[in-house]
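The structure appears below as structure tokens.
Bear in mind these aren't lab numbers, they're just calculated from the coordinates by the rules spelled out. Since the structure is predicted, the reported quantities are computational estimates derived from the model, not experimental observations. Cβ placement follows ideal geometry from the backbone for every residue including glycine, while neighbour counts extend to all protein chains displayed.
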Amino acid sequence: MKIQFTVNKKKYSLDVSPMTRLLDALRNNLGLTGAKEGCGEGECGACSVIVDGEVVNSCLIPVCQVQKSTIKTVEGLSSGENLTVLQESFTRFGGAQCGICTPGILLATQNFLDLWKKKKGGKVPGEAEIREALAGNLCRCTGYTKIFLSVKKALRNTPRPERN
Amino acid sequence: MRGIASEIKILSPKNLKEALQFLSKENSSKLHWKVLAGATDLAVEFNAGKLKHHQLINIWPLRQELNKIKFSKTGVTIGAMATFTEIQNDLGINKYFPNLAAASRLVGGVQIQNRGTIGGNIANASPAGDSLPALLAYDALLNIQDSDGSRKIPITEFYRGYKDLNLFPRELIVSVEIEFKKHGTRHYFRKVGTRQAQAISKVVAAGTVQGKTSIQAVTFCLGSVGPTPLRCEKLEKYLTCPEVELPIRDRSVIDGARQTVTLDISPQDDIRSTKSYRLFASQGLVEDFLTSYFRPSRIFIKDRP
């Protein structure tokens, strides 16, 4: 089956079985290996990508359901070497450790912040809201504290702490 | 063993009419084509190599047609392809049917809520489906269509046994209807899971109560404690009695209710929980329901992160 979609602003046309998972199409056909396979059952969020403005688990999406969709993966977040504020913050405050969950968490957070801004404008989301937004992303390294810290620091856009 | 994508045929109809025509042709005698909605359940089966069906009819393209949430003078009609994100973001649902909004917030994580549909949750018929006790407690009606016409049935008549549905393979659930509850109705929803978020429930409860000084009408439904999500009819009968005064402070009534609910349910041991814990938790939920519903009208979701 012919699938046409846009990934990170680039148009693609693939010829794959309709049940091929979006995750496999991204990783195997397009070489975008940012999205990871964790559990394969929609629990861990490591495979999160953004489809038509909504964060989804790409391991649970058959490609036939993203015909003509616009997709964003973690590779599409930064512009070249320039990281987003959120990515910077994750690297500075220990939000990324082993890194398997990080692409998914970055996308889920970014998607949440974009939607939040659309709905609530300048209001800053609280810890409870951030936690709820990231409920679908598991992390086994950080205990989440550093992740929430990174998100909160990014919201405040805090400058780099002094190193000894 | 992982499922193999090339072994699965998928047909994607363009609209409802086309889908129904196809189903009535192909599925008239037996289920040959399985309906694929948001894929949040079927893709999990596929990934685990447990998907029994090799022919799927993908109704995701029907979303535009079937995802509307429309209010009328008597209640709301929710399109079967409305996602849990759309349901929880709807102001009317939050205001008039808070149990359903609460349930929608607790289905998986954001990723699942963005893709999982209410019709899919109903048809998948998991005893642990979070939205199902909420729909049962609201006496929801299902609009079901095939290519010849439509019928409307109460959701209480939809589940006949474990994954045994009052639905022909040629039919599709197109929408869910819920009537407004009487003014002053109290709503209760509570999910007990392993983790605060993203856990399949061990027990899930939804209920409503009408009445000021005594209970006029009550519904109480539980999930994960039997082969289907179920209404606790014996408990409802026990509570609908002029002698039960509101607010409930009488210990003997609470103890009676705790006893009665055990007659309604048949919990089992499985990977998520045990029979005895589920029994214990169900009784706790009944007590929580009776002792907290008369606080200022709002929903109680203690498991929210």
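Side notes on the structure shown:
- Subset of the stretch B:33-53 (residues that are among the polar types (S, T, N, Q) and surrounded by fewer than 24 Cβ atoms within 10 Å (Cβ to Cβ)): B:N47
Condition check ((1) assigned to a loop (DSSP other than H, G, I, E, B); (2) basic (K, R); (3) closer than 17 Å to B:G109 by Cα; (4) within 8 Å of another protein chain (Cβ to nearest Cβ)) across all residues:
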residue: A:Y12; (1), (2), (3), (4): no, no, no, no
residue: A:M19; (1), (2), (3), (4): yes, no, no, yes
residue: A:L26; (1), (2), (3), (4): no, no, no, no
residue: A:E37; (1), (2), (3), (4): yes, no, yes, no
residue: A:I50; (1), (2), (3), (4): no, no, yes, no
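- Every residue from the stretch A:99-127 that is over 16 Å from the mean Cα position of the chain (by Cα) and in contact (Cβ under 8 Å) with a residue 24 or more places away in the chain: A:V124, A:P125, A:E127
- All positions within the stretch A:128-149 that are part of a helix (DSSP H, G or I) and either of a type in the set (F, W, Y) or more than 9 Å from chain B (Cβ to nearest Cβ) (or both): A:E129, A:I130, A:T145, A:K146, A:I147, A:F148, A:L149
- Some residue of the stretch B:20-28 being in a loop (DSSP other than H, G, I, E, B) and either under 22 Å from B:I118 (Cα atoms) or of a type in the set (D, E, K, R) (or both): no
- Test for B:Q283: is it under 19 Å from B:A128 (Cα atoms) and of a type outside the set (G, A, S): yes
- Top-ranked residue of the stretch A:52-71 - restricted to ones that are in a strand (DSSP E or B) and more than 9 Å from every other protein chain (Cβ to nearest Cβ), ranked as farthest from the chain's Cα centre (by Cα): A:T70
- Test: residue in the stretch B:57-71 that is more than 21 Å from the chain's Cα centre (by Cα), assigned to a loop (DSSP other than H, G, I, E, B) and within 12 Å of another protein chain (Cβ to nearest Cβ): no
- Any chance A:S89 is surrounded by 16 or more Cβ atoms within 10 Å (Cβ to Cβ), touching a residue at least 60 places away in the same chain (Cβ under 8 Å) and more than 10 Å from every other protein chain (Cβ to nearest Cβ): yes
- Counting only strands (runs of 3 or more DSSP E) that fall entirely inside the stretch B:103-210 and contain at least 2 residues that are surrounded by fewer than 24 Cβ atoms within 10 Å (Cβ to Cβ), touching a strand residue (DSSP E or B) at 6+ places or on another chain (Cβ under 6 Å) and of a type in the set (D, E), the qualifying elements are B:172-179.
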